[in-house]
Amino acid sequence: MRPVRALLLYARLPENQTLSYQQAWPRHFVAHPRFDCDPVNVMSLPETRRLRVRAALRLARYDAVVILHSVFSNGRHLYGPLLEAVRKLRARKAYFIGNEYKGMSEKMWFCEQLGIDLLVSQFTTEEPLALYRERLPGTTVVGIPNTGWDPELFAPRVPPEERPIDLGYRAFENDVALGHRERRELAERFLDVAAANGLHVDISLEAADRLDEPGWAAFLNRCKGQLGSEAGGDYFELTDETRNAVRAWVAERPDASFEEVWERFFRDYRNPVPGRVLSGRNVEAAGTKTVQLLLEGAYGGYLEPDVHYIPLRKDFSNLDEALAKFRDDAFCARIRTSAFELAHELTYPKLIDRFHDALGPLL
């Protein structure tokens, strides 16, 4: 069976250099034997070249157009003549949607404008996927984790016992409109208890301390353990109604506390739809055999507590128990082994195989 001939659109941006999944998907698609890709970095096209590309696209015969997360995750980077040229292509169109907590009205418009045939969500739970199917009735919707494991880059190169850092953590601060501040609470709690528990920690939520792919892989190999949580929040909406209301309210009250925001917008929120996903940080830590202390959660149905990670209750009431497990070498060896085995099921080639299986019936 011949490979799928695909136009692969992605965006290379200064702000996504520390987002390993946005760096990894393009190169793994290009290398995958089931696809024959023409990769196009939409950010490298000045307007004159965009016009030439548009002319070339009129002549190209593609089976599919694959629009990766980076094209429209935060800002939209496909617009104008190139968007119009892509819209007019007769090929099937697939969109890997990113950051499914903001800009959702425009992202739905984007799907409709381009005639997206296959929407690839980061959600692997049914409730948010059902909302997409209701909103986009002519679109096939599938859930595939947004980050895979690259075993060449995120390999366990340093034995755990030789790693100098007990617990590491790098993350962005949560958007207050998600309805929680778990990352801040994790960072502050472990910075507070580190000295009393004899822990050497390296914890930061500062953007300046984030790392590119090689730097992040090296950091994981310096850490015996990683802190973490599920990505996303518990109030998924396709309209951004609550997010917009929170941001407008906070703009008028910049000194408002998180507790005030939560009390006003989330305490009485009716019938919330969970919008949690497996974080790429979880997959990459598993691949480097870095034990994870994670806030309890579903993790997309992939990670099980006391099998793939050490669970922390969100009120930290079992912190002493979790740290005792972390100090138990035999227990941690089992956790590392189970998580490492799971990482083999989440490599980029296997995730792309899943995408190919979803796309195939549409071709």
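The values are calculated or read from the model by the stated rules, or taken from the named source; none is laboratory data. These numbers come from a predicted model, not from an experiment. No Cβ is skipped: glycine too gets one built from the backbone with ideal geometry, and neighbour counts run over all protein chains shown.
Determine, yes or no, whether T18 is polar (S, T, N, Q), assigned by TED's automatic domain parsing to the domain that holds L118, over 27 Å from S105 (Cα atoms) and at pLDDT below 95. It would help to see each step written out before you state the result.
Details: polar (S, T, N, Q): yes; assigned by TED's automatic domain parsing to the domain that holds L118: yes; over 27 Å from S105 (Cα atoms): no; at pLDDT below 95: yes.
No: the conditions fail for T18.
Can you report the number of residues in the range 145-166 which are under 18 Å from L19 (Cβ atoms) and either assigned to a strand (DSSP E or B) or without any contact (Cβ under 8 Å) to a residue 24 or more places away in the chain (or both)? If you could, list the steps in order and put the result at the bottom.
First pass over the range 145-166, keeping only residues under 18 Å from L19 (Cβ atoms): 145-150, 153-154.
This time we only want the ones that are either assigned to a strand (DSSP E or B) or without any contact (Cβ under 8 Å) to a residue 24 or more places away in the chain (or both), so: 149.
Here the count works out to 1.
Sort out which residues of the range 251-282 are part of a helix (DSSP H, G or I), surrounded by 18 or more Cβ atoms within 10 Å (Cβ to Cβ) and either touching a His at 6+ places or on another chain (Cβ under 6 Å) or not basic (K, R) (or both), and write them in order of number. Don't jump to the end; show me each part of the working.
Start the filter on the range 251-282 by keeping residues that are part of a helix (DSSP H, G or I), which leaves 251-252, 258-265, 280-282.
Still in the list and also surrounded by 18 or more Cβ atoms within 10 Å (Cβ to Cβ): 261, 265, 280-282.
V261, F265, G280, N282, listed by residue number.
Could you please let me know if V40 is in contact with a strand residue (DSSP E or B) (Cβ under 8 Å, 6 or more places away or on another chain), part of a helix (DSSP H, G or I) and aliphatic (A, V, I, L, M)? Walk me through it before giving the result.
On the way: in contact with a strand residue (DSSP E or B) (Cβ under 8 Å, 6 or more places away or on another chain): yes; part of a helix (DSSP H, G or I): no; aliphatic (A, V, I, L, M): yes.
No: the conditions fail for V40.
Among G80, G98, which is the only one that is outside the structural domain of D212 (by TED's automatic domain parsing), of a type outside the set (A, V, I, L, M) and either over 23 Å from the mean Cα position of the chain (by Cα) or exposed (fewer than 15 other Cβ atoms within 10 Å of the Cβ) (or both)?
On the way: G98 fails: either over 23 Å from the mean Cα position of the chain (by Cα) or exposed (fewer than 15 other Cβ atoms within 10 Å of the Cβ) (or both).
None of the other options fit; the residue is G80.
What is the residue count in the range 92-120 for residues that are in a loop (DSSP other than H, G, I, E, B) and under 22 Å from A177 (Cβ atoms)?
As a first pass, look at the range 92-120 and keep what is in a loop (DSSP other than H, G, I, E, B): 97-103, 115-117.
Now drop any that are not under 22 Å from A177 (Cβ atoms), which leaves 97-103.
Going through the range 92-120 one residue at a time, the tally reaches 7.
I need the full set of residues from the range 196-242 which are touching a strand residue (DSSP E or B) at 6+ places or on another chain (Cβ under 9 Å) and among the aliphatic types (A, V, I, L, M), in order please.
L199, V201, I203, L205, L211, L220, L227, A231
Suppose we filter the range 131-143 for residues that are surrounded by fewer than 19 Cβ atoms within 10 Å (Cβ to Cβ) and either more than 20 Å from W109 (Cβ to Cβ) or touching a His at 6+ places or on another chain (Cβ under 7 Å) (or both); how many remain?
Result for the range 131-143: 1.
Considering the range 31-73 alone, what residues qualify as being in contact (Cβ under 8 Å) with a residue 40 or more places away in the chain and more than 24 Å from the chain's Cα centre (by Cα)?
Across the range 31-73, the qualifying residues are L57, A60, R61, Y62, D63.
Checking the condition farther than 25 Å from P128 by Cα, in a strand (DSSP E or B) and either in contact with a Lys or Arg (Cβ under 9 Å, 6 or more places away or on another chain) or not charged (D, E, K, R) (or both), which residue from L211, L227 passes? If you could, list the steps in order and put the result at the bottom.
Details: L211 fails: in a strand (DSSP E or B).
Residue meeting the stated conditions: L227.
Whether any residue in the range 121-144 is under 17 Å from the mean Cα position of the chain (by Cα), farther than 30 Å from A256 by Cα, modelled with pLDDT under 95 and not in a strand (DSSP E or B) is what I want to check.
yes
Among the listed residues D234, D202, which satisfies the condition of being at pLDDT below 95 and under 27 Å from A339 (Cβ atoms)?
Values: D202 fails: at pLDDT below 95.
D234 is the lone residue from the list that is at pLDDT below 95 and under 27 Å from A339 (Cβ atoms).
Counting only residues that are closer than 18 Å to T147 by Cα, give me the helices (runs of 4 or more DSSP H) lying completely in the range 288-363 with at least 2 of them.
Details: elements: 319-327, 329-343, 348-359.
Filter on the range 288-363 gives 329-343, 348-359.
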